[in-house]
Number of protein chains: 2
Amino acid sequence: MSLPARVKLVDVGPRDGLQNEAQPISVQAKVALVEGLVAAGLTHIEVGAFVNPTWVPQMANSEQVMQKMARLASVSYRALVPNVQGYQRAKAVHASEVAVFTAASEAFNQKNINCSIDESFQRIESIFAAAQQDNVAVRGYVSCALGCPYSGDIDPASVLSVCQRLLDLGCYEVSVADTTGVGTVGSMQRLLDRLVPALGSEVIALHCHDTYGQALANIACGLQYGIATIDASVAGLGGCPYAPGSNGNVATEDVVYMLNGMGIQTGIDLATLIRVGEQISGVLQRPSRSRVALAFRSVK
Amino acid sequence: MSLPARVKLVDVGPRDGLQNEAQPISVQAKVALVEGLVAAGLTHIEVGAFVNPTWVPQMANSEQVMQKMARLASVSYRALVPNVQGYQRAKAVHASEVAVFTAASEAFNQKNINCSIDESFQRIESIFAAAQQDNVAVRGYVSCALGCPYSGDIDPASVLSVCQRLLDLGCYEVSVADTTGVGTVGSMQRLLDRLVPALGSEVIALHCHDTYGQALANIACGLQYGIATIDASVAGLGGCPYAPGSNGNVATEDVVYMLNGMGIQTGIDLATLIRVGEQISGVLQRPSRSRVALAFRSVK
């Protein structure tokens with residue numbers, strides 16, 4: 001085992017976490033969330049998405065969030081963009097970087113973004129054409145890397161192919177997403193046995209959902225492959241509207257607790273992070289989904 | 001990594017899972033739970049405890065459960081016993097085997113059973129004197145192996161010392177328990193780095209609580225050390241009344257899902273197990289704490 005000495009945590013709570021909330025969440029609450037995450041030590045935050053507000057109304061105020069939040073030069077404030085129009089909106093409000101997305105599953109791409117994998121790459125290529133001109137870094141997401149709600153098991157070779165295309169286009173990193181949380185240490189090993197030798201661990205991030213309670217075990221598995229970038233969502237905010245049963249990104253608090261226990265540096269202050277998670281959970285009027293936050297509260 | 005090909009799961013739900021429930025649970029409901037677990041393929045079940053009913057009223061009907069349940073010769077129906085009187089009660093109702101307990105922490109032993117570690121061994125020795133005469137197998141529990149709610153970190157050397165004493169007395173297996181769920185892959189590695197070379201993986205079982213969401217990651221870590229006996233509790237029933245914030249044994253369903261994904265045999269039918277968990281959750285009038293059970297229900 002060659003564990004990384006330090007892990008870069010990417011909090012996707014403000015975007016992936018909140019995008020499916022039915023109740024509108026104010027610009028003020030989102031700004032407080034982003035600023036709170038920075039205060040807790042997060043250096044990579046997915047702040048919002050520049051998608052069609054008809055389909056994802058919760059992200060409609062992403063411009064305002066980007067404009068009103070205080071910024072630190074050391075923090076990357078990322079925006080998810082589906083196409084070149086979204087990219088231009090992100091650029092106009094000075095997103096530090098952008099993220100593009102596709103899936104390792106044809107069926108999921110059709111249901112999620114109504115196009116084939118190849119068609120999704122046409123959109124991504126036009127984003128790259130603009131972003132490279134502007135010198136804006138681009139991250140790639142690969143959904144359904146450990147299974148698809150429509151087509152079941154996903155061949156690691158398909159995931160590798162999509163990752164390779166994203167990296168060839170110029171993504172600095174690919175985040176392989178277990179969108180529905182169906183993955184286990186077994187499927188994670190099979191995937192990483194294929195990806196890591198081909199791509200190197202340094203360009204791979206893991207984006208695990210905890211729907212089946214497997215996320216931390218899967219992340220611990222990934223760490224053993226040298227993967228040192230982990231997506232998570234404060235208070236376990238999140239899910240995907242097109243993936244049945246997908247509620248629950250892994251909670252950032254729970255990942256930090258595990259990494260602390262393993263002696264792996266994150267630069268994050270867990271107590272502050274727990275307070276940030278409690279604050280947004282209060283806004284949403286429901287308990288945190290972080291087991292660590294709940295445990296610390298009950299011990300107090 | 002040398003993963004076991006097969007894992008023996010021990011369901012402790014009827015005992016550790018139910019012992020702290022405030023509402024009385026009928027003999028009938030407990031018998032249905034035990035028989036359901038057997039129908040799901042469990043071969044090792046901790047059915048009840050012969051402890052003082054003043055302190056643990058929920059276990060007062062353990063005799064009746066043991067007497068009324070149907071039995072298979074291939075299944076071990078275990079009882080927890082604190083002393084020789086409890087052992088005699090267990091023997092009278094033909095418990096297949098018994099379990100004794102102590103802790104790796106002096107402070108926890110004082111709070112939990114009001115005696116020192118040495119004094120707990122006097123009780124255990126008198127149980128052994130009787131059990132060996134009767135040819136009844138004895139399992140040992142070591143509480144707080146990864147941390148104590150009163151004294152904090154626990155030295156792996158203390159855990160090893162207690163395990164060794166239990167094995168020397170004649171326990172066929174020691175179950176090292178993360179009673180409050182505070183352990184991480186880091187503390188589990190430090191513990192097993194000490195225990196496995198000294199004792200061998202075949203006499204070690206892991207008993208993980210999921211209070212901080214770490215249980216599956218910790219179990220996956222243990223599997224890599226060759227440990228092939230895992231305690232769990234259907235529907236995530238359980239906790240410990242003397243350990244603040246300790247609610248939640250790891251759910252058997254979640255462990256089985258992980259092991260299935262890793263290609264490790266358990267002999268357990270997950271769909272049946274989920275139904276058994278839903279049945280007891282219905283009796284308790286609360287949702288299952290198994291993430292897998294909840295995910296399967298939301299996907300249906």
(request) Can you tell me which residue within the range A:97-117, out of those that are over 24 Å from A:Ile219 (Cα atoms) and part of a helix (DSSP H, G or I), is most open to solvent (accessible area, probe 1.4 Å)? (result) A:Lys111
(request) State yes or no: is A:Ser290 at the interface with chain B (Cβ under 8 Å from one of its Cβ atoms), open to solvent by less than 20 Å² (accessible area, probe 1.4 Å) and among the small types (Gly, Ala, Ser)? (result) yes
(message) Quick check on the range A:249-264. Is at least one of its residues open to solvent by less than 30 Å² (accessible area, probe 1.4 Å), within 17 Å of A:Ala145 (Cβ to Cβ) and not hydrophobic (A, V, I, L, M, F, W, C)?
(response) yes
(message) Checking B:Ser187 against (1) open to solvent by less than 10 Å² (accessible area, probe 1.4 Å); (2) in contact (Cβ under 8 Å) with a residue 40 or more places away in the chain; (3) more than 13 Å from the chain's Cα centre (by Cα): exactly one of these is not met. Which one?
(response) (1)
(message) Yes or no: the range A:143-164 includes at least one residue that is among the aromatic types (Phe, Trp, Tyr), closer than 24 Å to A:Gly238 by Cβ and surrounded by 20 or more Cβ atoms within 10 Å (Cβ to Cβ).
(response) no
(message) Among the residues in the range A:148-156, are any assigned to a strand (DSSP E or B), of a type outside the set (A, V, I, L, M, F, W, C), over 24 Å from A:Leu80 (Cα atoms) and within 14 Å of chain B (Cβ to nearest Cβ)?
(response) yes
(request) Mind listing just one residue for me: the one in the range B:265-292 that is among the small types (Gly, Ala, Ser) and more than 19 Å from A:Thr184 (Cα to Cα) and, of those, nearest to the chain's Cα centre (by Cα)? (result) B:Gly277
(message) Checking the conditions here, which among B:Ser126, B:Ser120 is hydroxyl-bearing (Ser, Thr, Tyr), surrounded by fewer than 16 Cβ atoms within 10 Å (Cβ to Cβ) and assigned to a helix (DSSP H, G or I)?
(response) B:Ser126
(request) Being out of contact with any His (no Cβ under 9 Å at 6 or more places or on another chain) and crowded, with 22+ Cβ neighbours inside 10 Å narrows it down to one of B:Tyr225, B:Tyr172, so name that one. (result) B:Tyr225
(request) Return yes or no: is B:Ala73 free of Cβ contacts under 8 Å to residues at least 60 places away in the same chain and within 15 Å of the chain's Cα centre (by Cα)? (result) no
(message) From the list A:Cys221, A:Cys208, A:Cys163, exactly one residue is part of a helix (DSSP H, G or I) and either within 30 Å of B:Asp210 (Cα to Cα) or at the interface with chain B (Cβ under 9 Å from one of its Cβ atoms) (or both). Which is it?
(response) A:Cys221
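Yes or no, residue by residue, for (1) more than 20 Å from B:Ala79 (Cα to Cα); (2) modelled with pLDDT of 95 or more:
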{"position": "B:Ala131", "(1), (2)": "no, yes"}
{"position": "B:Cys148", "(1), (2)": "yes, no"}
{"position": "B:Gly152", "(1), (2)": "yes, no"}
{"position": "B:Asp168", "(1), (2)": "yes, yes"}
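The values are calculated or read from the model by the stated rules, or taken from the named source; none is laboratory data. Note that the structure is a prediction, hence the values are computed from the model and not measured. Quick reminder, even Gly has a Cβ in these numbers, built from the backbone with ideal geometry, and neighbours come from all protein chains shown. Calculation scope for accessible area: heavy atoms of the full protein, side chains included, ligands and nucleic acids excluded. Shrake-Rupley method; radii C 1.70, N 1.55, O 1.52, S 1.80 Å.
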